[in-house]
Amino acid sequence: MNSPGSNKELEALVDLIDEPDETIYLKIKTRIISYGKTAIPFLESAFENNLKQLPQKRIGVLLNKLRFDAVINDLSDWYMLGASNLLLAYMIITKYQYPHLDELYIKNEFEKIRKEIWIEFNSDLTALEKVNLINHILFDVNNFEGDRTNFHSPLNSYLNTVLETRKGNPLSLSMIYMIVAHLLEIPIYGVNLPEHFVLAYVDQHSYIPGKLSEKSNILFYINPFSKGTVFTKSDVDEFLKQIKVKAIPYYYQPCSNADIIRRLLRNLIFSYESSGNKVKSLELEKLLEILK
């Protein structure tokens, strides 16, 4: 690990990025990479201030590698440390496409929505009344909605673009709904249905914050893609029959945060494969490998 005092060496290495001798440049490149994410701001500054084609090309390659390595390391740490914070993982995946993601803005947006709901909250509300209130704030006040026109666009999967456009797919809208619910300590979790993603409201009396039983007592299900429509187990039965998929317990019970992020990555892989972007789909496959 490099110490802060070694920044002078890093500055000097970046200054040598236009070294014409390829053998020497490879040594410079290897040394810069050894600094990891510490090198990123130095390279970004050099990219902005150096207009020559060769240095810019080299800096671009290095930045892409270091940014991707940072996403790999952050996602690995999240998974190894228990995969407990869904918002953190969602921001990590979003940084794959948007390395300058403003995390404070993201957190402030969620806090704003949480406060809008909390102001109208009281302890006497039933589970259904709580969901109706969340639905009102998310879909009527903040105008979140399912994007049925460009359903498979990757923009419907990244957190910042969904928050900005207020449009998303079933998974992204469910993740936003679930994150808001957990900020309010409401036991709502993801359900990993085939061909769709929904939420489940778990019985409050068997709920311990941060913990979830594999056999949770589900009160009802929620479909954020349809503005929070509430439905029952029999509706899940009917849905599985319609798509000709055998009903198994997994399709009825809440899934883990790791399952949610796996599905997010698969959605993005499909989006990029559909548009012919093989480079991004292969990189995302590498991220998916971390969670296996």
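A few comments on the model shown:
- Scanning region 191-233 for residues that are among the hydroxyl-bearing types (Ser, Thr, Tyr), at pLDDT 95 or above and assigned to a loop (DSSP other than H, G, I, E, B) returns a single hit, 232.
- Of the candidates 119, 134, the single residue that is hydrophobic (A, V, I, L, M, F, W, C) and surrounded by 12 or more Cβ atoms within 10 Å (Cβ to Cβ) is 134.
- Screening 164, 185 for residues that are at positive phi, assigned by TED's automatic domain parsing to the domain that holds residue 105 and surrounded by fewer than 18 Cβ atoms within 10 Å (Cβ to Cβ) leaves exactly one candidate, 185.
- Against the test of being in the same structural domain as residue 193 (by TED's automatic domain parsing), touching a strand residue (DSSP E or B) at 6+ places or on another chain (Cβ under 9 Å) and either exposed (fewer than 15 other Cβ atoms within 10 Å of the Cβ) or part of a helix (DSSP H, G or I) (or both), the options 260, 269 yield a single qualifying residue, 260.
- Considering the conditions (1) within 26 Å of residue 73 (Cβ to Cβ); (2) surrounded by 14 or more Cβ atoms within 10 Å (Cβ to Cβ), residue 45 is excluded by exactly one of them, (2).
- Condition check for residue 143 on (1) within 21 Å of the chain's Cα centre (by Cα); (2) assigned to a helix (DSSP H, G or I): one failure, at (2).
- Residues in region 168-189 that are in contact with a strand residue (DSSP E or B) (Cβ under 6 Å, 6 or more places away or on another chain) and either of a type in the set (Lys, Arg) or not in a helix (DSSP H, G or I) (or both): 187, 188, 189.
- Qualifying positions in region 218-230 - under 17 Å from residue 171 (Cα atoms) and either touching a residue at least 24 places away in the same chain (Cβ under 8 Å) or crowded, with 20+ Cβ neighbours inside 10 Å (or both): 221, 222, 223, 224, 225, 226, 227, 228, 230
- Yes/no for residue 177 being buried (at least 18 other Cβ atoms within 10 Å of the Cβ) and in contact with a Pro (Cβ under 9 Å, 6 or more places away or on another chain): yes
- Here is the figure for region 1-44: residues that are within 24 Å of residue 98 (Cα to Cα) and either without any contact (Cβ under 8 Å) to a residue 12 or more places away in the chain or not polar (S, T, N, Q) (or both) total 13.
The values are calculated or read from the model by the stated rules, or taken from the named source; none is laboratory data. Given the structure is predicted, the values throughout are model-derived calculations rather than measurements. For neighbour counting, all protein chains shown are included, and Cβ atoms are generated from backbone atoms with ideal geometry for every residue, glycine included.
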